[in-house]
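Enquirer: Could you have a look at this structure, given as structure tokens, before my questions?
The values are calculated or read from the model by the stated rules, or taken from the named source; none is laboratory data. What you are looking at is a predicted structure, and each value in this text was computed from that prediction instead of being measured. Note: ideal-geometry Cβ built from the backbone for every residue, glycine included; neighbour counts use all protein chains shown. Each accessible area value is taken on the protein alone, full model and side chains, heavy atoms only, with ligands, DNA and RNA left out. Shrake-Rupley method; radii C 1.70, N 1.55, O 1.52, S 1.80 Å.
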Amino acid sequence: MNEHKPHPIVPLRPVGAAGEHDDDVQFVSLYQKQPDIYPRAVSGWFAGWRWAFVWLTQLLFYGLPWLQWSDRQAVMFDLDAQRFYILGLVLYPQDLIFLAALLVLSALALFLFTAVAGRLWCGYTCPQTVYTEIFMWMERRIEGDRIARMRLDQGPWTAEKIARKGAKQLAWGAFALFTGFSFVGYFTPIRELAPSLLAFDVSAWNAFWIVFYGVATYGNAGYLREQMCKYICPYARFQSALIDKDSLIITYDTARGEPRGPRSRKASATAQGLGDCVNCTLCVQVCPTGIDIRNGLQNECIGCAACIDVCDGVMDRMGYAKGLIRYSTENGVVHGWTRLQMFKRAFRPRVLIYGTVLSAASVAFAASVALRSPFQFDVIKDRSVLARVVDGGAVENVYRVQIMNRTEATQNFSVAASGIPGLALRAPEATIAPAGILSLVVGLQLPPQAAESLQGQSVPIEFEVTMQPTPDHAAAAQREKSTFFVPR
């Protein structure tokens, strides 16, 4: 028989008086305060591109509300009237399918760009990156660059420190509130909002959203900064599933840079057994998320390429070739591939699938918008009285026809019905204002002779609404199915 070995018993000992078992008890803090990050200013090729996108995105954001289109705001989301204006396009709540399609296209584009070149969105056009860049620029102009800001924060509170800190907060607050004002200008006509704001006559809801969006901008770009990218934004977590060894990312050439160490410009790195990295740590100092790219790709890297610009400057001063830190692929660095070889690997199955799906979805979306009907109508049968007999013995059914004019011009509409011989329609012609909605009460009558053979039946019929031609719009027609009930 098998003998069961007894399980070891771990005794539980109570904590004694103070000083007893001091060697056995340890207190470990589960929270570690993150050190403040003071990104250093950097200039270079990629910094120029980053600022170009800052200007482009902000000119669009702040400028679009002021752009006029046919005597109205070009981009306007009128929630009260339930109409969305985007240049010459008028959308209604029923058109939210287009918004869903745009979100799908955005997701597919993000997948494609990430598979090809990593976090380009994060590094150049993400609102968090753009506004953080603007806030850091104001901070540098008022408090100075990295070393000056560190000394200012570590020093005592003097009149100069109070003045600089106060000026920075005022600049941040004013810019954030202007951003909130511009945001609300997409929902309330900005040319009406601005005078009312200056006259302190703005509505409570508009004031709330201006302050809310302003505070969000102030907090995210002024204080959260890299915390948004490292801990809050989910994109950093799933980017590893979108990239592979052939994705273009920011890489450090370990074979060329190691072992790292300081040296004189005139000294030979080879004679000292050193690589090209002089261990100046400037790549860490300019990083907005505070990582060391020399430790490899990390979730916190947003692909801004600030480390490339500063490292290329150091390589120039040392007389070394640029590209110790560069955009490359993992396979490209390992195998020493040329740019052409890496470019060829961009057309791999994953990228081709993403590109094909994105192209097909984009064409379908563009076609659906271009072929969108200039009007829409719905038919609702009167449920209170299914049918009634009117003068002369005719059978009448009542319907409500709601017509939505999607154009920005007054249109005339006519209503017709078919499906039963002898069916007569009682409805006036409709004139609907630009982007307006009109509900018509329509009566359909069937003569007694035609109704006699259909008693007790619900007969399918079809409504047809026709938009009359105008100099700006051709005639258009739509059909909608319904039923006609004949009582016994």
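Enquirer: Need one number: nm distance between label points at Ala476 and Phe178, each 7 Å from Cα along Cα→Cβ, rounded to one decimal.
Expert: About 4.1 nm separates the two model spin labels.
Enquirer: At 222 nm, what value in deg cm²/dmol follows for the chain if DSSP H runs of at least 4 each add -39500 (n - 2.57) and the sum is divided by all its residues, to the nearest 500?
Expert: After summing the helix terms and dividing by residue count, I get -11500 deg cm²/dmol.
Enquirer: OK, next. Tell me the relative contact order for the chain as a rounded percent, counting alpha carbon contacts under 8 Å between residues six or more apart.
Expert: Contact order relative to length: 13 percent.
Enquirer: Considering only C-alpha atoms, what is the centroid distance from segment 260-324 to segment 152-193, in Å?
Expert: Between the Cα centres of segment 260-324 and segment 152-193 lies a distance of 35 Å.
Enquirer: May I pose another question? So what J values fall out for segment 426-443 if you push phi through Karplus, 6.51 cos²θ - 1.76 cosθ + 1.60 with θ = phi - 60°, rounded to Hz, Gly and Pro as x?
Expert: 10, 7, x, 6, 10, 10, 10, 5, x, 6, x, 10, 10, 10, 10, 8, 10, x
Enquirer: For Leu248, enumerate residues with amide H under 5 Å from its amide H, sequence gap 5+ or separate chain, H modeled in the peptide plane.
Expert: Amide H to amide H, under 5 Å and 5 or more residues apart or across chains, Leu248 pairs with Ala117, Gly118.
Enquirer: Along Cα→Cβ, 7 Å out, is where each label goes; now give me the distance between the ones at Ala360 and Phe485 in nm to one decimal.
Expert: Rounded to a tenth, the inter-label distance reads 4.5 nm.
Enquirer: Leaving out ligands and nucleic acids, and using a 1.4 Å probe, what accessible area per residue does the chain come to in Å²?
Expert: Dividing the accessible area of the chain by its residue count gives 58 Å².
Enquirer: Over all alpha-carbon pairs in segment 200-262, figure out the percentage whose distance exceeds 13 Å.
Expert: 78
Enquirer: Explain nothing, just compute: Karplus ³J(HN,Hα) = 6.51 cos²θ - 1.76 cosθ + 1.60, θ = phi - 60°, for every residue of segment 415-421 in order, whole Hz, x for Gly and Pro.
Expert: Per-residue couplings from phi come out as 10, 9, 9, 8, x, 9, x Hz.
Enquirer: Within segment 434-455, what residues put their amide N at less than 19 Å from the label point 7 Å along the Cα-to-Cβ vector of Arg383?
Expert: Label zone hits: 440-442.
Enquirer: Where the Cα atoms of segment 75-186 are projected onto their three principal axes, how long is each span, largest first, in whole Å?
Expert: That gives 60, 41, 19 Å along the principal axes, largest extent first.
Enquirer: As an exercise, identify the trypsin sites (Lys or Arg not before Pro) in segment 326-382 lying in DSSP coil whose Cβ has no more than 15 other Cβ atoms within 10 Å.
Expert: Passing sites in segment 326-382 are Arg372.
Enquirer: Considering amide H positions built from the backbone, and no H for Pro or chain starts, which residues 5 or more places from Ala477, or on another chain, come under 5 Å of its amide H?
Expert: Hits under the 5 Å cutoff: Met467.
Enquirer: Kindly flag which residue pairs out of Lys168/Lys230; Lys161/Lys266; Lys165/Lys322; Lys230/Lys266 have an alpha-carbon separation exceeding 30 Å in this structure.
Expert: Lys161/Lys266; Lys165/Lys322; Lys230/Lys266
Enquirer: Okay, next question. From the phi angles alone, apply the Karplus equation (6.51, -1.76, 1.60; θ = phi - 60°) to segment 258-275 and give each ³J(HN,Hα) in whole Hz, x where the residue is Gly or Pro.
Expert: Working through the residues one at a time gives 9, x, 8, x, x, 6, 6, 4, 7, 6, 8, 5, 5, 5, 8, x, 10, x Hz.
Enquirer: What is the set of long-range amide H partners of Phe485 at a cut-off below 5 Å, with H atoms built 1.01 Å from backbone N?
Expert: Counting only residues 5 or more places away or on other chains, the set is Val459.
Enquirer: Could you work out the relative contact order of segment 195-321? I mean the mean sequence separation of Cα pairs under 8 Å and 6+ apart, divided by the number of residues, in percent.
Expert: Once normalised by length, the contact order is 22 percent.
Enquirer: If you split all Cα-Cα distances of the chain into 20 Å bins from zero, what percentages do you get per bin, shortest first?
Expert: 16, 34, 27, 16, 7, 0
Enquirer: Counting only protein heavy atoms and a 1.4 Å probe, tell me what percentage of the chain's accessible area is made up of carbon and sulfur.
Expert: 62
Enquirer: Using the scaling law 2.2 N^0.38 Å as the reference, what is the normalised Cα Rg of segment 39-125?
Expert: Output field value: 1.44.
Enquirer: Continuing with the same structure: If the reach is capped at under 16 angstrom between alpha carbons, list the lysines near Lys381, excluding any in the same chain fewer than eight residues apart.
Expert: The qualifying lysines are Lys481.
Enquirer: Within the chain, which is the longest segment that contains none of the GluC sites (Glu not before Pro) sitting in a DSSP loop with at most 13 other Cβ atoms within 10 Å?
Expert: 21-428
Enquirer: May I ask for the angle, rounded to the nearest 10°, between helix 306-318 and the longest principal axis of the chain, with both axes built from Cα atoms and the value confined to 0 to 90°?
Expert: Tilt relative to the chain: about 40 degrees.
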